[in-house]
1. Using the Cα atoms of region 113-389, I'd like the radius of gyration and the largest Cα-Cα distance, Dmax, both in angstrom.
2. Cut-off is 10 Å between beta-carbons; in what order do Arg380, Arg280 appear when sorted fewest neighbours first?
3. Which whole-Hz ³J(HN,Hα) couplings does region 61-78 yield from phi under the Karplus relation 6.51 cos²θ - 1.76 cosθ + 1.60, θ = phi - 60°, glycine and proline marked x?
4. Could you list the chymotrypsin sites (Phe, Trp or Tyr not before Pro) in region 172-221 that lie in coil according to DSSP, counting only those with at most 13 other Cβ atoms within 10 Å of their Cβ?
5. Which percentage, to the nearest 5, of the DSSP beta bridges contained in region 138-267 is antiparallel?
6. Mean residue ellipticity at 222 nm from the helices of the chain, using -39,500 (n - 2.57) per DSSP H segment of n ≥ 4 over the full residue count, to the nearest 500 deg cm²/dmol?
7. In the chain, if the dipole is taken from +1 on Lys/Arg beta carbons and -1 on Asp/Glu beta carbons about the Cα centre, which of Ile373, Phe167, Leu156 is farthest to the positive end?
8. Restricting to the chain, compute how many DSSP beta bridges are antiparallel as a %, nearest 5.
Amino acid sequence: MKKRIIRYLKHISGTIISLLLVGIVVVIALNGSLEYGNNPQAINLEKEGPYVFYETDSTLNVKYIKGNKTDGFYLDQKKYAINQAIPTSCYFPLDDSTFNFTLNSNFEIPNSTYSDNEPILAISDIESGYKTFRDFLITNKVIDENLDWIFAKGHLVLVGDFVDRGFSTTQVLWFIYKLEQEAKKQGGYVHFIIGNHELYNLQGKFKSASYKYNGVASILGKQHHNLYDENSFIGKWMTSKNTLELINGHLFAHGGIHPDFANYNISIDQVNQINRNNYRQAYFPKPEESVKQLILSSKNGICWYRGYFKDDLSQKEVEKGLNKFNAKSIVVGHTLQWSVKKLYNGKVFAIDVKHPKDYNKNWPNKKSEGLLITEGKYYRILADGKMLEL
């Protein structure tokens, strides 16, 4: 009897170990990971902010959350005239650091096309990882240790999905805002390309946002969707951004360009304006053939398209879409890759990789990557500063 029980336990143990091994293989094969070691600082709301809202057409209310769950929370808030340059700061609890910037509500719609032969560094799908984003830029000499811009007249292109799935959305967005201002002073550019998760937040869809921001909204006396609505400073700033840009001959879009774009007489400026007009519309277009439907489609649209990876496109079909906009290539995020890749004979560069999270660890360990385009060459750039030519 004893031997039978031991044999039975061995069989059970062997089955469990086999299933675990299969699970691990599947996770790795799908480029997934297991999260562990969650840091409680993720939901530390002391000094969280700023959250900036339009009180009237001429007044801004700048709010910071203060306090803690034990003693209670309260708001530190101050009103300013909208035409003031407002000194502001953003706190990051994980390493007790702060960065400073100035609020300026004169938002300008960026150009859709740039041509200056300056270097381009592109990264995508940061997904609310402030520390990862910041440290990557420091290591790859876009900013220095003081978080000041040192990329001269270069182009930093952020190819969508910098929000959701993490606890540092506020820090990431204000950091982009800060960098944009500093780059401009030196003749450089920060291009914040809107992705489908930015659209989610602009349209009040917060299914992928951290639960932290439900608490933030509640303390502010608002609903989650109000954090990026028409009265939100940062929400209004986001709606000024493009979904498609051509920089030194290279297209940048979160999803991509469907080959059917070649069938329509439309410019990049017009694509961006149609998207911008609908940023706040939870739009599900009817399956009819029109350029508006193609631009906004949640399957084939600029922010959503996965055809380079899912549709078994021919080289001719890929080039058909790019030729429409006189582009050498297109750089996209949205569809997860093992590493930054060159596809379709250098016509498509896929840069969505699994970045490390701020407040937890992952197994297998993930490391950030981006794409550098300079002097006609393309480099996969790594979190440790190494460059590998593609």
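1. Just the Cα atoms of region 113-389 yield Rg and Dmax of 17.9, 54 Å.
2. Taking fewest neighbouring Cβ atoms as first place, the list is Arg280, Arg380.
3. So the J values, rounded to whole Hz, are 10, 9, 10, 10, 8, 10, x, 8, 5, 6, 8, x, 10, 8, 10, 9, 9, 8.
4. On the way: sites: Trp174, Phe175, Tyr177, Tyr189, Phe192, Tyr200, Phe206, Tyr211, Tyr213; in loops: Phe206, Tyr211.
Here the chymotrypsin sites (Phe, Trp or Tyr not before Pro) that fit, given the DSSP loop and packing criteria, are Tyr211.
5. 50 percent
6. Rounded to the nearest 500, the figure is -8000 deg cm²/dmol.
7. The residue sitting farthest along the positive end of the dipole is Phe167.
8. Percent antiparallel among DSSP bridges in the chain is about 70.
No lab work stands behind these numbers, since they all come straight from the coordinates. A quick note: this is a predicted structure, and the numbers were derived from the prediction, not measured. All Cβ positions, glycine included, derive from the backbone under ideal geometry; neighbour counts span all protein chains shown.
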